[in-house]
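Notes follow the structure.
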């Protein structure tokens, strides 16, 4: 499991949030390298600013805070909620006013934040922070379905948005999927389904494109890492993520996929 969650916090029926992504690899001097991304903000910080928590469950809120980075803790201590919101979404509240739904989300999150702040509970929880994470989580590019999309279409779109790499530079292998499942710090169940893909052009410059809003609002860094480097960068409680990385590496080696010419998957599947 990703985190140990008290059974009392889980409830009997937990909705599963499913995402689709791509594990991209290539062989460099007889060494496998995998593409990993680092989130711009930790998942827990994003959920906290969005108000994705219950005020009746202080234990869960404390767990969320303990998984944030030191910089995020400083932001919460020093910035107003409006500043936190604008910093997260990288746009002003005036722009958000154009979308009624966004404004309602802001107001709901603001009410929760204000109640925590006024009761001194937030200050106490922030003062209890001892984790000292220096950076947010590393993982694989992924995301959720848009209406009408197939699973493979979702994986390709999300991969393109988060990495700025299009399908001209990789081919998805017609091989097994790799599935990561865990209970998050928010008590919700997550399921990530990854397709395996082989990089066909290692000369592409990996970078954050300032014109790609989907990328700059979510991604802080992307790198090709060796298996050892990737396992080191992935947080120690992300046991399932490390497990599927090891499974993917073994599958590639056992089937000598780094030697074979990859062939395209049917994107309508």
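Readers should treat all values here as calculations from the given coordinates under stated rules, not as data from a laboratory. The structure presented is a predicted model; accordingly, all values stated were derived computationally and were not measured. Cβ placement follows ideal geometry from the backbone for every residue including glycine, while neighbour counts extend to all protein chains displayed.
What nm distance separates the two modelled labels at residue 232 and residue 31, each placed 7 Å from Cα along Cα→Cβ?
Output for this residue pair reads 1.0 nm.
Between residue 103 and residue 70, what is the label-point separation in nm under the 7 Å Cα-to-beta-carbon projection?
4.0 nm
Specify which labelled value, from (1) -0.32, -1.26; (2) -0.36, -1.32; (3) -0.27, -1.21, agrees with log10 I(q)/I(0) by the Debye sum over Cα atoms at q = 0.08, 0.16 Å⁻¹ derived from the coordinates of the model shown.
Computed from the coordinates, log10 I(q)/I(0) by the Debye sum over Cα atoms at q = 0.08, 0.16 Å⁻¹ corresponds to (2).
Does segment 152-236 classify as rounded, prolate or oblate by the C-alpha gyration tensor (a ≥ b ≥ c root eigenvalues; a/c under 1.5 gives rounded; else a/b over b/c gives prolate, otherwise oblate)?
Since a/c stays below 1.5, the shape of segment 152-236 is classed as rounded.
Scale the Cα Rg of segment 43-127 by the rule-of-thumb value 2.2 N^0.38 Å and send over the ratio, two decimals.
Relative to the 2.2 N^0.38 Å estimate, segment 43-127 comes out at 1.05.
Fewest to most neighbouring Cβ within 10 Å: what's the order for 39, 213, 157?
Taking fewest neighbouring Cβ atoms as first place, the list is 213, 157, 39.
What angle, in degrees between 0 and 90 and rounded to the nearest 10, separates the Cα long axis of helix 100-118 from the longest principal axis of the Cα atoms of the chain?
Roughly 60 degrees between the two axes.
Once you have all Cα-Cα distances for segment 101-177, histogram them in 10 Å bins from zero and send the whole-percent values.
13, 24, 25, 23, 14, 1
What number, in percent, do you get for the relative contact order of the chain if the mean sequence gap of Cα pairs under 8 Å and at least 6 apart is divided by its residue count?
Dividing the mean separation by the residue count of the chain yields 34 percent.
Normalise the Cα radius of gyration of segment 124-269 by 2.2 N^0.38 Å (N = residues in it) and let me know the number.
Cα-based Rg divided by the globular estimate yields 1.14.
Could you put 175, 134, 92 in order, starting from the residue whose Cβ has the fewest other Cβ atoms within 10 Å?
134, 92, 175
How high is the relative contact order of segment 75-215? Use alpha-carbon pairs under 8 Å, at least six apart in sequence, and give a whole percent.
16 percent
Over segment 14-91, calculate the relative contact order: mean separation of alpha carbon pairs under 8 Å at least 6 apart, over the residue count, as a percent.
Result for segment 14-91 is 23 percent.
Restricting the count to DSSP beta bridges whose residues both fall in the chain, what percent are antiparallel, rounded to a multiple of 5?
The answer is about 70 percent antiparallel.
To the nearest 500 deg cm²/dmol, what mean residue ellipticity at 222 nm is calculated for the chain from DSSP H runs of n ≥ 4 alone, each contributing -39,500 (n - 2.57), summed and divided by the residues?
Calculated at 222 nm, the ellipticity per residue is -11500 deg cm²/dmol.
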